Amino acid sequence: MNPVYRRRRTINRIIMAASLLASAFGVIWLFLILVTLVSKGVPALSLDVFTERTRMSGGGLGNAILGSLIMTALATIGGTMIGILAGTWLAEYGGRSKLANTIRFINDVLLSAPSIIIGLYIYAVVVLPMGHFSGWAGVAALMVIIIPVVIRSTEDMLLLVPNSLREAAAALGAHRWLIVLKVCYSGAKAGITTGVLLGCARISGETAPLLFTALNTNQWNFFNMGSEMPNLPMVLYQNMTINSFIPAQVSLAWAGALILTAAVLILNILARVSSARSQK
Amino acid sequence: MTTGSSVTSKTSEGDRMQKLSASAQERSALKRNGLVDRLFELATRSSALLVLLLLGTITGSLVLAGWPALQELGLSFFTGDRWAANVENFGALPAIYGTLVTSLIAIAIAIPVSLGIAIFLTELCPPKLRRTIGTMVELLAGVPSIIYGMWGVEVLAPFLQSHFPSVFPAGTGLTTAGLILAIMIIPFITAVTRDVMHTVPPIMRESAYGLGCTTWEVIRHVIFPSVKGGMLGGVILGLGRALGETMAVTFVIGNNLFLSATLTGQGTSIAALIANQFSEADGLQRSALLLLGLVLFLITFAVLALARFMLKRMEQRAA
């Protein structure tokens, strides 16, 4: 064989083998992390983990799970409403105007802004004036994180709705708000749901923005949003740092990590299923 | 409004006018709908303006809260090589150094790996596997950052310490943090790279194959040159993520508050320093930490803006 051909073929094979290796390298972490989570988390799981509150020794994660659910749900509901409205303006009214382009750009930047900055921001504008940490502050911080996600997916999905549908509805005499509500939203529903689920998955694992907003507590907190709110990520953080000398707390943290990761991955998979359905 | 269509020539002029104009009921419906229209646009527009308000208040509140520290410390805040709260010595250099070094290590590891995965996914992988592997890499992006931190401190750091004790004497350190960050940003860079590689028209790829190019030559000489900007955008996006990552880094960086100009030694990063000290801080220390937050926000804002700018150019080409 021509030596030039041979050399080109060899180079090609080496590169392709390297990219195969890279893929293995990329995927293996997911397995390693899942294996660790299961091997350390499953032995620590028990009914008490879900029903008992956190204590200095023993106890469970019940109050933390409840607190996380409350804060994530409230933030998702609030963030979804604001996000959908703002996304609607960008897609239906803003168009290519200068203002819309600026908002789009800022939103894209906020989408990946460090979450600890959001925590500091809410601390400065909510916690300091109120004088104490609170569940509301935690909800506000999580909302600031989810809003850009919902805005982005709402706008993208509304832009996929063909203009001829809007024009057909307008020709029948429908007003613009009715067109958006009845025609555009029904076309973009599945896509927006995907965005909301992905955003919800993202905020349910966030720790940094809760450090100085919701803080944490060992008590049960049933919708008393004005005071500190227990939450799962903060319990994990505290058990792995200041309480890490107590083996029981560390294994409890792994049980919590397993629950948290399972919840987040299930939300992610739900989002994927919903987006696959919308593409059909 | 719609009643005029059936008017015949026989009807008188006045009759016709009456039929053409809207009845009182129709007029009120029009008015009502017009009002709803305006209200709806107002509601959506004010929500959209909230985004600008957010950016404004984030910057404003951080500047306001960090101002006392900037006045008190002046330039020594940026040049001091030691952060010691007990003696009111706040030098941000160790944190800034740690942030930059860990992010650069992460980028250096993540770029070749993400490129490899993207090449594998677009060129090599059988279509059946493509979705599965793509999903797995994306799920990696969904794992909460605190899980990476816990895994890093309980599994990765002890592993490094026992297998490479000369390089990682404590297991934790700047390079360990960089490695964890690399694992976290690989999915982001891969997703962007794969997407921009898909924007290359198939006909370009096929003509290169038709000329007898190998797969690597197609990628190297046809695909890379036309998606360079987008790939760089993806990399910078990953860099932005790495700079601001908190929980994963806090666990494994070692939290050494003195400047140690090494790559593998223990250090700290801006985000880790804030996470560790903020809840117990007040007075000057709190203000200094908020100022540090402002510095981080400005750095990431600049980096992310650059990334978006490059990706935007790519999108315009694809459209």
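Of the heavy-atom accessible surface of segment A:45-279 (probe 1.4 angstrom), what whole percent is carbon and sulfur? Provide the component values of the computation, followed by the final result.
Numbers: 6130 of 9110 Å².
The nonpolar share, carbon plus sulfur, comes to 67 percent.
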Summing -39500 (n - 2.57) over every DSSP H run of at least 4 residues in chain A and dividing by its residue count gives a helix-only mean residue ellipticity at 222 nm, to the nearest 500 deg cm²/dmol, of -23000 deg cm²/dmol
Rounded to two decimals, the Debye log10 I(q)/I(0) of chain B (Cα scatterers, no solvent) at q = 0.07, 0.09, 0.11, 0.12 Å⁻¹ is -0.46, -0.64, -0.83, -0.92
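If you take the beta carbon distance between B:Arg220 and A:Ile28 as r and set R0 to 25 Å, what does 1/(1 + (r/R0)^6) give as a FRET efficiency, to the nearest 0.05? Working shown, then result.
On the way: r = 27 Å, r/R0 = 1.06.
Once rounded, the FRET efficiency stands at 0.40.
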Note on segment B:143-174: residues buried by at least 20 Å² of accessible area once partner chains are added (vs chain on its own, 1.4 Å probe) come out as B:Val143, B:Pro144, B:Ile146, B:Ile147, B:Met150, B:Trp151, B:Glu154, B:Val155
Taking a crude spin-label model, label points 7 Å out from Cα along the C-beta direction, the B:Glu123 to A:Glu52 distance in nm is 5.6 nm
Dividing the helical contributions, -39500 (n - 2.57) per DSSP H run of n ≥ 4, by the residues of chain B yields a 222 nm value, nearest 500 deg cm²/dmol, of -23500 deg cm²/dmol
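Tally up the carbon and sulfur contribution to the accessible surface of segment B:22-73 as a whole percent, 1.4 Å probe, everything protein left in place.
Values: 2100 of 3170 Å².
C and S atoms contribute 66 percent here.
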So for R0 = 41 Å, FRET eff. of A:Leu20-A:Ala73 from the Cβ-Cβ r, to 0.05, ends up at 0.45
Taking only Cα atoms of segment A:3-43, the Rg to Rh ratio with Kirkwood Rh works out at 1.43
Any chymotrypsin sites (Phe, Trp or Tyr not before Pro) in segment A:113-220 that lie in a DSSP loop and have at most 10 other Cβ atoms within 10 Å would be none
Highest mean packing first, using Cβ neighbours within 10 angstrom, the peptides B:54-62, A:47-55, A:63-71, A:167-175 sort as A:63-71, B:54-62, A:47-55, A:167-175
The Cα extents of segment A:14-74 along the principal axes, largest first and rounded to whole Å, are 56, 31, 18
If each part is reduced to its alpha-carbon centroid, segment B:145-191 and segment A:166-203 end up apart, in Å, by 43 Å
Label model pair A:Asn163, A:Thr241: point-to-point distance (7 angstrom along the Cα→beta-carbon line) in nm is 5.2 nm
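Compute for chains B and A the buried accessible surface, both sides summed, probe 1.4 Å, and express it in Å² to the nearest 100.
Values: alone 18250 and 15800 Å², together 26710 Å².
For B against A, buried area totals roughly 7300 Å².
What is chain B's relative contact order, in percent, from Cα pairs under 8 angstrom and six or more apart in sequence? Can you show the working numbers first?
Working: 399 pairs, mean separation 77.6, N = 319.
It comes to 24 percent, rounded to a whole number.
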Inter-chain shielding metric for B:38-44, i.e. average beta-carbon neighbours from other chains within 10 angstrom, reads 6
Expressed in angstrom and rounded, the centroid-to-centroid distance over alpha carbons for segment A:34-75 and segment B:276-309 is 31 Å
Taking Cα atoms, the helix B:174-198 axis meets the longest principal axis of chain B at an angle in degrees (rounded to 10) of 30 degrees
Share (percent) of C-alpha pair distances in segment B:144-190 greater than 16 Å works out to 36 percent
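Using a 10 Å cut-off on Cβ to Cβ distances, tally the other chain neighbours for every residue of B:58-64 and report the average as a whole number.
On the way: counts 10, 1, 3, 7, 4, 0, 2.
Mean shielding by partner chains, rounded to a whole number: 4.
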Taking the reciprocal of mean 1/r across every pair of different Cα atoms in segment A:138-188, the Kirkwood radius in Å is 12.3 Å
Cα-based Rg/(2.2 N^0.38 Å) for segment A:45-279, rounded to two decimals, is 1.16
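Using a 10 Å cut-off on Cβ atoms, rank the peptides A:72-78, B:185-191 from the highest mean neighbour count down. Before the final figure, lay out the partial values.
Details: A:72-78: 19.0, B:185-191: 26.0.
Ranked by mean Cβ neighbours within 10 Å, highest first: B:185-191, A:72-78.
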Counting other chain Cβ atoms within 10 Å of each Cβ in A:253-263 and taking the mean gives 3
By the mean-Cβ-within-10 Å protection proxy, highest first, A:22-29, B:160-167 rank as A:22-29, B:160-167
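Looking at the calculated P(r) for the protein assembly as shown, what percent of the C-alpha pair distances fall above 42 Å?
Values: 51875 of 179101 pairs.
Above the 42 Å cut-off, the protein assembly as shown has 29 percent of its Cα pairs.
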Plugging the Cβ-Cβ distance of A:Gln219 and A:Val4 into 1/(1 + (r/R0)^6) at R0 = 56 Å yields, to the nearest 0.05, a FRET efficiency of 0.15
Filtering trypsin sites (Lys or Arg not before Pro) in segment B:250-319 by DSSP loop and by at most 12 other Cβ atoms within 10 Å leaves none
Of the accessible area of segment B:174-319, computed with a 1.4 Å probe and all protein chains kept, carbon and sulfur make up a percent value of 63 percent
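Using the Kyte-Doolittle scale, find the helices of chain A whose mean hydropathy is at least -1.0 and whose Cα atoms extend 30 Å or more along the helix's long axis, counting only whole DSSP H runs.
Working: long enough: A:3-41 (56 Å, 0.99); A:62-88 (38 Å, 1.45); A:135-160 (37 Å, 1.65); A:247-279 (48 Å, 1.12).
Flagged H segments are A:3-41, A:62-88, A:135-160, A:247-279.
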Per residue, accessible area of the protein assembly as shown with a 1.4 Å probe, heavy atoms of protein chains only, in Å², comes to 45 Å²
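Looking at segment B:254-299, I'd like the Rg to Rh ratio, where Rg is from alpha-carbon atoms and Rh is Kirkwood's inverse mean 1/r.
Working: Rg = 11.4 Å, Rh = 11.3 Å.
Result: Rg/Rh = 1.01.
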Computed over segment A:79-225, the relative contact order (Cα-Cα under 8 Å, seq sep at least six) in percent reads 38 percent
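The values are calculated or read from the model by the stated rules, or taken from the named source; none is laboratory data. Quantities reported herein were computed from a predicted structural model and do not represent experimental measurements. Every residue, glycine among them, receives a Cβ derived from its backbone with ideal geometry; neighbour counts consider all protein chains shown. Keep in mind that these areas ignore ligands, DNA and RNA; they rest on the heavy atoms of the full protein, side chains included. Shrake-Rupley method; radii C 1.70, N 1.55, O 1.52, S 1.80 Å.
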